[in-house]
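Remarks on the structure that follows.
The values are calculated or read from the model by the stated rules, or taken from the named source; none is laboratory data. Since the structure is predicted, the reported quantities are computational estimates derived from the model, not experimental observations. Using ideal geometry, Cβ is built from the backbone for each residue, glycine included, and neighbour counts are taken over all protein chains shown.
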Amino acid sequence: MIRDDEKISTAYLAHALKVVYLLKDSVIVDSSAIVHICNNLKQLKDAEEVIKEVFAGSQILTVKKIGIMVINYVDVQGIKRFLHAKDVYFIPSFHTNYVLEDCLNSVRY
């Protein structure tokens, strides 16, 4: 049995071992997320530098910038679309990109 103090987060382990994480460039719509997160600065526009910290599981991660992420996708009818997620936190060490589910139902995004 693994004790809590022996557990290593998957994101940290993948980063430390330089393992290729297949979802790194994906955008996950997360109903439990409380912020948008982007791990690739090339996906952000109008990014402003900040120094903030956020909790991710048992880790504290540093937010480097906040900006707008343009998300390209194909809808169920095969039409290419995009949306702009505002106030996206840039955390380069994060394992993938997260967008709050609420933004899909909001005209603000």
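What's the total number of residues in the range 26-56 that are basic (Lys, Arg) and surrounded by 13 or more Cβ atoms within 10 Å (Cβ to Cβ)? Count: 1. Please verify whether residue 34 is assigned to a loop (DSSP other than H, G, I, E, B) and at pLDDT below 90, treating the condition exactly as stated. For residue 34, the condition - assigned to a loop (DSSP other than H, G, I, E, B) and at pLDDT below 90 - is met. Filtering the range 64-79 to residues that are assigned to a strand (DSSP E or B) and either modelled with pLDDT of 90 or more or of a type in the set (Asp, Glu) (or both) leaves 64, 65, 66, 67, 68, 69. The set of residues in the range 63-86 being surrounded by 14 or more Cβ atoms within 10 Å (Cβ to Cβ) and farther than 16 Å from residue 29 by Cβ consists of 63, 64, 65, 66, 67, 68.
Using the structure shown, decide if residue 52 is touching a Pro at 6+ places or on another chain (Cβ under 8 Å) and in a strand (DSSP E or B). Against the criterion (touching a Pro at 6+ places or on another chain (Cβ under 8 Å) and in a strand (DSSP E or B)), residue 52 does not qualify.
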